Amino acid sequence: MTIDPQATTAGEWEGTHRPVVVAVDGSERNRSAVLWAAHEAAVEGAGMVLVTALHERVVHRPHADEHERAVAALTMLDRVRSEVRHLVDEQSVDTRAVPGAPVEVLLDRAADARLVVVGKRGLSGFARALVGSTSIALAGRSPVPVAVVPDDWDPAAHEGRPVVLGVDPFKHEHRPAHLAFRRARRLGVPVLAVHGWEAPAVLSWDADVITGALTEHGREAAARFEEIVASWRDRFPDVELRPTTVHRHPATAVLEAAEDAQLVVLGRHDPGLLGGFTVGSVARAVLHYSETPVITVPVGDPPA
């Protein structure tokens, strides 16, 4: 399903009755992602869908094996559903054991979801996540936001900490910012807007030319960043905004800020596009190394 930016506003996924979809593999490592997703569904009053992928395998008795695996998967999903009943009503939790590759199964479910949640690591196809390619592929192709939750993440231990928003002043996007501010307001915490920048390449050996180019780039970036900060401060006056500019690679700047945060929000452009947080550069680095949950938000034209 394609999201029409003219038909839906920023935060469109959160403002619907769509469920939170979470990839489940039954491993202990996967518990953090499941509990994080359950808490999200409870707070938003949304349904929850527990999904696992049944990989196709070549066996002597394919039909019997497929049945056995499906039964085992559904039994595992029922157990997981019972484990989150202290957070969400079991009647609002659906379970799906679907044949196919994990990425394709999740992308199919994402079409009708408000958010897809995956763990960072684990034991199965879903579970290898960033060690393999599942989460990167999902974050790069999903039509809705994707949350990647680290192993052993304890939300209670991070209550009151800010939401980090990565900002590219030269390609600022509405949707990630709106999601970050809306969640910060819901949680009663600040937004830490982070702009990390490095010196642009200058094709000159002249020191004065290089210095002038760097100075001009820094001034322009700072001016644009200030405009962005001011606009969001006006839109969400009830949310404390802490703008931060550092002369470091954007990924490093975001990761440093994330060390004392409860969530990181990044925009996700299509692979190959220059600027912003593409899955091939900044977002990929943050997803790999962050020890804080990260939400990547697909972006497009800003809503009118």
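The values are calculated or read from the model by the stated rules, or taken from the named source; none is laboratory data. Since this is a predicted model, take the numbers as computed values, not measurements. Positions of Cβ are generated from backbone atoms using ideal geometry, with glycine treated the same way; all protein chains shown enter the neighbour counts.
Filter segment 184-227 for residues that are assigned to a helix (DSSP H, G or I) and modelled with pLDDT of 95 or more; which is farthest from Val146 (Cα to Cα)? Step through it out loud before you land on a result.
Filtering segment 184-227 for residues assigned to a helix (DSSP H, G or I) gives 184-187, 207-227.
Then keep just the ones that are modelled with pLDDT of 95 or more; that gives 184-185.
On the way: Ala184: 18, Arg185: 20 Å.
Top of the filtered list is Arg185.
Return the residue satisfying two criteria in turn: it lies in segment 110-124 and is crowded, with 21+ Cβ neighbours inside 10 Å and out of contact with any Phe, Trp or Tyr (no Cβ under 7 Å at 6 or more places or on another chain), and of such residues it is modelled with the lowest pLDDT. Of everything passing the filter in segment 110-124, Gly122 is modelled with the lowest pLDDT.
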